[in-house]
Amino acid sequence: MLDSGNLLFKPRRSGQTVSSTDQAKATIIAQTFIAGQNVVAAVGSNDLVAGSSFLKKLEEKYSFHFLSANLAAAGADKPIFQPFTFKMIDHDFHVAIIGLTGRPLSHLPSEQFSLLSWETILPKLITQLSSHADMILLLSNLPSQENEKIAKKFDAINIIFQSGNVSRGNSPPYLVNNALICQTTTRGKYQGTLEIKWNESRKWQKHAKIRIELKQIKRQLQLVTQKIEQSKQVDSGTKRHENRLLGLQRLKQKLEGQQKQLQQQLNHNKSYQGATYNNRFIALSSKVEDDPQTVQRIRAAGIR
């Protein structure tokens, strides 16, 4: 499992303190979820509200590493946390995973941080990893606009899991250059799953996206055609009715043009066999029985 950051603490206002209860909850999340489920997690700006030393203690105590290639101490040019890690799948498939921390950092404690520019750190890092990895993933706490810029600049990045756009909630994967950008909503309400059929091309199949768009256009066209037929059967003779019918006919022509264009693109891209994917968002029910070990840890920490 992967997490792009802001896992341990809720957002805070500037000057708002972190209670011992908040830290106890974060400790249980680190022990039970990150370490217990072997999760690879990036450092989000909200994760730093108790200071980097708190995260370092969690790493040491539970034997895992947070990822952040761009979070540094003020005035330093080296990251505080491990910038990347490798995971091996089926003994011979190497996945490189990079972490990026996002803003804002103004709400953080007296400890001073700085964010190294991704334009500076990623080129060397991507070059270094590309020769050893079959796939490169980015866990990004940056806004989607920045992630799209990264995707356009680096062909070698294959997937970006983002956590810097809370308002978007569950967001179906979309392709920018050769990176599939994915997002699941916050606070553990859903689990996003991504099933991938990868191949040696290291490129996503372009016509998969076109097929989805074409299906949507066909559905809209069917609905508009039905409305036109229904409107013709009701001959009210009013100007309003005529204008409505004319508007529907124009919309149908527009959709037919879009359908034709997408079909041409699909025919052009059929010969290219790239990688494919399927995604789902699984709602996590509150009715699932509590894990006894987790309950014991919560009670031991005095959390109600």
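The values are calculated or read from the model by the stated rules, or taken from the named source; none is laboratory data. Only a predicted model underlies this, so the values are computations on that prediction, with no experimental measurement involved. Quick reminder, even Gly has a Cβ in these numbers, built from the backbone with ideal geometry, and neighbours come from all protein chains shown. Surface accessibility is based on the protein's heavy atoms, side chains included, excluding ligands, DNA and RNA. Shrake-Rupley method; radii C 1.70, N 1.55, O 1.52, S 1.80 Å.
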Condition broken by Ser19, with the remaining ones in (1) closer than 28 Å to Gln296 by Cβ; (2) of a type outside the set (A, V, I, L, M); (3) crowded, with 20+ Cβ neighbours inside 10 Å satisfied: (3)
Only one residue in Phe64, Phe33 is over 20 Å from Leu142 (Cα atoms), of a type outside the set (S, T, N, Q), touching a Leu at 6+ places or on another chain (Cβ under 9 Å) and assigned to a loop (DSSP other than H, G, I, E, B). Which one? Phe64
Note on segment 86-104: residues open to solvent by 10 Å² or more (accessible area, probe 1.4 Å) and in a loop (DSSP other than H, G, I, E, B) are Asp90, His91, Asp92, Arg103, Pro104
In this structure, is Thr276 hydroxyl-bearing (Ser, Thr, Tyr), at pLDDT below 80, in contact with a helix residue (DSSP H, G or I) (Cβ under 7 Å, 6 or more places away or on another chain) and open to solvent by less than 60 Å² (accessible area, probe 1.4 Å)? no
What do you reckon, is Leu67 surrounded by 15 or more Cβ atoms within 10 Å (Cβ to Cβ) and at pLDDT below 95? no
Looking at (1) open to solvent by 30 Å² or more (accessible area, probe 1.4 Å); (2) under 21 Å from the mean Cα position of the chain (by Cα); (3) of a type outside the set (Asp, Glu), find the lone condition where Leu8 falls short. (1)
Would a scan of segment 124-134 turn up a residue that is in contact with a helix residue (DSSP H, G or I) (Cβ under 8 Å, 6 or more places away or on another chain) and closer than 18 Å to Thr101 by Cα? no
Given the criteria touching a Leu at 6+ places or on another chain (Cβ under 9 Å), part of a loop (DSSP other than H, G, I, E, B) and charged (D, E, K, R), does Asp47 qualify? no
State whether the residues of segment 30-51 include one that is under 18 Å from Phe84 (Cα atoms), surrounded by fewer than 20 Cβ atoms within 10 Å (Cβ to Cβ) and among the polar types (S, T, N, Q). yes
Can you tell me how many residues within segment 67-80 are touching a Ser or Thr at 6+ places or on another chain (Cβ under 8 Å) and either of a type in the set (D, E, K, R) or assigned to a strand (DSSP E or B) (or both)? 5
Looking at (1) acidic (Asp, Glu); (2) open to solvent by less than 30 Å² (accessible area, probe 1.4 Å); (3) modelled with pLDDT under 90, which one does Glu59 not meet, given that it meets all the others? (3)
